[in-house]
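Report on one structure; see the data block that follows.
The values are calculated or read from the model by the stated rules, or taken from the named source; none is laboratory data. Quick caveat: nothing in here was measured; it's all calculated off a predicted structure. Note that we place each Cβ from the backbone using ideal geometry, even for glycine, and neighbour counts take in every protein chain shown.
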Amino acid sequence: MQSPCLREASQACFHGCCTNPILGFSESPNPKSKSITTVATSRIDFATATTSSLFPETQFTNHECLPSLSESLSQFNKAYPQYRMTEHADSIRAQEYYHLSLSNHVCLDYTGLGLFSHSQQQARCSLNATVASTSVSPPSLPTCNSEFPFFNVCYKSASLKSQVLYGGQESELETAMKRRIMAFLNICENDYSMVFTANRTAAFKLLAESYPFQSNRRLLTVYDHESEAAGSMIDNSQKRGAKVMSAEFSWPSMRIQSTKLRKMVESKRKKKARGLFVFPLQSMMTGTRYSCLWMSMAQANGWHVALDASALGAKDMDTLGLSLIQPDFLICSLYKVFGENPSGFGCLFVKKSSAKVLEASTMARSIGIASLVPVKRTYPLLGDSSDSDSDTQQKAEFGEQEDVLPITSSYSGPISAQVEIRDDKCLSSTERHNEESEHGETSELRETEPCTEQMNYLTSEIVEVPSDSVKLETTQINTAEADRKVSIECRGLDHADSLGLINISTRARCQINWVVNALSKLQHPHTEKGLPLVQIYGPKIKFDRGPALSFNVFDWKGEKVEPVLVQKLADRSNISLSYGFLNNLWFSDKYEAEKERVVETRLRGTDGTAQSKRKEKVDIGITVVTAALGFLNNFEDIYRLWAFVAQFLDADFVEKERWRYMALNQNIVEV
């Protein structure tokens, strides 16, 4: 039965699972056949527009001969007239994420959903400064910095099963944040329970430790790349007796080998409970999109389905139609501020009717269930004699590790001008990306300690600062009242809501296909066979490809430039890229000769001991450069990526960069 809380998708489904594609709307007596014809024609027209968007029938052999940014933008707008409908995104970026322009920074290493905007973060800091400067100011507040967090994340010792079935002690901050996220993702509270995790990897580990692999022994994953999160699930499930299987992907298109996957999903077994089917709707590296029908097929054959929604763009969940395909589990991740603060948390959703299959694992209690807690204390008014501890509280400094104040939990963004301040012993999650962390995921909290104190949310203190004047008030409220009054302002999510699915999808589609076309036009000079500079893995120019790109750069000899080197040189140009490892590859006879040339073999062990070496796994794949586009990226971002890659047409580019860096720093730096 369909859930009344889940709204149906009225826009186009770009995953192939929606029966009402907007480009195929027709009022003819036979709308189905007419719709198919119209969609096919529209996609052909789009591909034609893309190839004509940048000097058709032209190859660029010199990076100094590229068309200018203004000229390229003019041609881009002519090729994609529908792109003008997305100009509101440029206004949002200019007003709310102005730090990107000030720092001249191109961010192409973010995958997921951003909670807050940069201006919202700065407004919060300005509010603190205003409060601190008034005549009735509380004790000194922390100074503002670029990574000032809105909350801390700390571990919670709890069983996933008990947390889902019976709930737990929860602050107004967590309750309001859950409601905001579930509304954004179009997930109904009546159908699913949501659990905060430290990050995406922790969510996968938690599910692996709680799923009954002793009885449902199979784990089937669908990933065309090495994933830290999926790898942790595989390792933990194997320790618990699971038989692991993986889908394979055709080289170089990276399409699923459908026949092989179907056999694994539909394998003849008498027992109904097959295991866990982990499925992403698109690859976060290659941009390949997959059909929702795989989830339906798995459910029909007795699998529990875990949907990995981490690679989906903003508002993509609106097309999924969870009322039709309800996965047993769903995982996604969120970060704080795009282009500045990638830390955040992961979200694990469990369908309430599936919670009974989970096991109460003792190991899972310490893996990564997390709590969100405010980061500062609430201070009473100076001279307020009603509080006997006021003198002690006035002397308290931010960051002290003393339980002087009752825990406060009311929260909202800076516009509503509610300040929540609490003292806690949990570490903040404000560190930048680790170079070895998984592409696009929220930062790992490797040093986070669990909170040992019990949270008491019976009372809270709110300091209200009206926008027209600075006025401090202290209000005592109980938990029920707080649930009604607390408000969460996540401008990052609000901006995505204001743009909507169609504009976001249109923007991403135009940008990613343009840059694919532009990169394919770069060719080494003076080569007999016209050696291309860039090889793209996954879909090329395609209407329904995802906004992610995997590629490699090759020199004039045809040798691959190491992706790590490309990333470092891009970083010097203030362009943030990532790199990853494509695996689970399948080569047809046509590409058998190419297989020996392109694939890499890596040994993956644990601790280097003789025993672990016997258990080392051989990974066969290829290391690639990756870029991901979001709705806040603009045309200048993709143009600068193209212009940067084009510099490798200069045979001496890498050597020049090495000497330039040596001249600037008076020493040789490895690149």
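Residues in segment 502-535 that are in contact (Cβ under 8 Å) with a residue 24 or more places away in the chain, assigned to a helix (DSSP H, G or I) and closer than 19 Å to T48 by Cα: 15 in all.
Has segment 268-275 got any residue that is touching a residue at least 12 places away in the same chain (Cβ under 8 Å) and buried (at least 17 other Cβ atoms within 10 Å of the Cβ)? Within segment 268-275, one or more residues are touching a residue at least 12 places away in the same chain (Cβ under 8 Å) and buried (at least 17 other Cβ atoms within 10 Å of the Cβ).
What residue, of A355, A360, is more than 28 Å from S505 (Cα to Cα) and in a loop (DSSP other than H, G, I, E, B)?
A360 is the lone residue from the list that is more than 28 Å from S505 (Cα to Cα) and in a loop (DSSP other than H, G, I, E, B).
Considering the conditions (1) of a type in the set (F, W, Y); (2) loosely packed, with under 13 Cβ neighbours inside 10 Å; (3) at pLDDT 85 or above, Y579 is excluded by exactly one of them, (2).
Here is a check on your reading of the model: is F648 of a type in the set (A, V, I, L, M, F, W, C) and either over 29 Å from A247 (Cα atoms) or at pLDDT 95 or above (or both)?
Taking the combined requirement at face value, the residue satisfies it.
Using the structure shown, decide if G302 is over 15 Å from F204 (Cα atoms) and over 23 Å from the mean Cα position of the chain (by Cα). For G302, the condition - over 15 Å from F204 (Cα atoms) and over 23 Å from the mean Cα position of the chain (by Cα) - is met.
The set of residues in segment 171-209 that are assigned to a loop (DSSP other than H, G, I, E, B) and in contact with a Phe, Trp or Tyr (Cβ under 8 Å, 6 or more places away or on another chain) comprises S171, I187, A198, N199.
Scanning segment 236-250 for residues that are crowded, with 16+ Cβ neighbours inside 10 Å and of a type in the set (K, R) yields a single hit, R240. Across segment 83-111, the number of residues qualifying as under 21 Å from A548 (Cα atoms) and of a type outside the set (D, E) comes to 11. What do you reckon, is K542 modelled with pLDDT under 95, buried (at least 16 other Cβ atoms within 10 Å of the Cβ) and more than 19 Å from the chain's Cα centre (by Cα)? Against the criterion (modelled with pLDDT under 95, buried (at least 16 other Cβ atoms within 10 Å of the Cβ) and more than 19 Å from the chain's Cα centre (by Cα)), K542 qualifies.
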